[in-house]
Amino acid sequence: MHLTVPGRFKAIFGLPFNPLGTGRFRESVRAAELDGLAFAFWARSFGVLVVTLWLVSLVPWPRDAYYATFAVVFFILGFVPYRLRHHRHAFMIKLAFVILDVALMTTAILMPPPAWLSGDWPVQARLRGQEYLYLLLLLAEAALTYSPLLVLWTGAAIASIWSIGFQIIYSLPGSTTFARLTEAGPVNQSDALRAYFDPTFVGLTAWRTQLIATGLFTVIIAVAVWRSRRSVLAHVEAEVVRADLARYVSPDVVDALAVRAPQGFGEPAVRTVAILYADIVGSTGLTERLPPERIFALLRSFRERTCRVVFDHGGTLDKYLGDGFMATFGGIEAQENAAERALGCAFALQDEMARWNAKRARRGAARIDVSVGVHFGPVVAGNLGSQTRSEFTVVGDVVNVASRIEGATREYGAAIIASETCVTAAGQAWRERFDEEVELQPRGRKQGLQVLLVRREVDAPRLRAMA
């Protein structure tokens, strides 16, 4: 029977994902893990440097070179998994190198230097110092990787390998132990104290205390890492959800919803907003000539290109309208330069269409023309809908007029038509970018309005200069 571990379980406990898998959540978690491994390596390197400098200042020459050699090897043992952190088996490699780390550090603590570098102290005396604490620093390194499993593995490796080294020294014939003292009979307090201060004495109480402390540290740190990893996963998941949501809702709406939802995002408010409508010219003829899959591909490319332009100019994608869309500027947050942003977006859209058409012409595809209408004025902005389904949008006469302005582009053969109100709000410099000013009588309205237009004959180089 083949047992599979759910990806969510792996993510929480730090188990490695299938490297062949895909998914933005998995990729984001993997990126966070790689950042943790990299940070742990640099923290480890800093620790190695500090300990090495301490030993060099403490231990006389040439014995300090002996311990410095261990430090260099320890650095290499950390550098190898760091360099291989992108390998498909990087997690297993790290587990293996944890064992090497503990084994090397235990050896450096318990194995005396060569006779010509050290005095005649007995090997049992090496258990009397506080060097065991250096092993616990490996738990700190493991904690920086956001992997509870790695913390548990490191703690188990420390307890196991240190116990092996301790028991080897404990079992030496020259070691003084309470077990051997009691073989000859009861031991009084004076004899026990004398044995304790014997340089060859090895006591099991110290070893057991070390194991208990290591176990407690390991469990506490593992739980702390598990909690912090859950926080990281929640943050990653929120970012992935936000990215997914931004594919269906304008990104600035998602950002505002995330920040202002507790305060009641979307409460109706009157704002002065620039409204931009854009639509593909002659889309009916295109749909007649093209198969459905080609139409789908064309609309997807159109939306990707145009939405990028809208977002670059700080606009909000209010809604798609078949082969067109409606965008707002200043609807979510008041923008003093909303009119200028909208006009800049209108010219940039035509510039983007010029680039796209140049690319389409090289492969013999039909030209795509886009008409843009822009208006500016007061609207009511807020959530509109029911308790189960609502959208952030703007409502008002300005919205309807903007739609009528865009529709008039066919009548005038214009690429862009903007209301005089919008151009005035944007500034005099924008007025010079239009070809002419006319009075427009929008369909369904009694009053006309002054508009400025850019004829469709404007070529791509000029449009780029305008933008």
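Summary table
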item	result
For segment 35-119, the fraction of alpha-carbon pairs in successive 10 Å shells from zero, as %	16, 45, 26, 11, 1
Histogram of C-alpha separations across segment 67-203, 10 Å bin width, %	11, 34, 28, 18, 9, 2, 0
Heavy-atom accessible area order for 85, 362, 128, largest first, 1.4 Å probe	362, 128, 85
Percent accessible area from carbon and sulfur atoms, segment 298-437, protein chains only, probe 1.4 Å	46 percent
Whole-Hz couplings from phi, Karplus 6.51/-1.76/1.60, listed for segment 136-148; x for Gly and Pro	5, 5, 5, 5, 5, 4, 4, 5, 6, 8, 6, 10, x
Long-range amide H partners of residue 281 with built H, under 5 Å	369, 370, 371
Solution diffusion estimate, µm²/s, Stokes-Einstein, segment 389-458, Kirkwood Rh from C-alpha pairs, 25 °C, viscosity 0.890 mPa s	189 µm²/s
Under-5 Å amide H pairs with residue 450, H placed in peptide plane, nonlocal only	420, 440
Mean separation of Cα contacts under 8 Å (6+ apart) over length of segment 342-449, as relative contact order %	24 percent
Contact order relative to length of segment 89-226, as percent, for alpha carbon pairs under 8 angstrom and 6 or more apart	33 percent
Length-normalised contact order for segment 166-224 - Cα pairs under 8 Å, 6+ apart - percent	36 percent
Cα radius of gyration and Dmax for segment 145-186 (Å)	16.7, 53
Compactness index (Cα Rg / 2.2 N^0.38 Å), segment 309-416	1.18
Part-to-part distance (alpha-carbon centres) for segment 292-354 and segment 138-164, which is given in Å	53 Å
Along principal axes, Cα extents of segment 123-244, largest first, whole Å	76, 23, 19
Gyration tensor verdict on segment 127-168 (Cα atoms; rounded if a/c is under 1.5, prolate if a/b is larger than b/c, oblate otherwise)	oblate
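The values are calculated or read from the model by the stated rules, or taken from the named source; none is laboratory data. Quantities reported herein were computed from a predicted structural model and do not represent experimental measurements. Accessible surface is based on the protein model in full, side chains and every heavy atom, while ligands, DNA and RNA are left aside. Shrake-Rupley method; radii C 1.70, N 1.55, O 1.52, S 1.80 Å.
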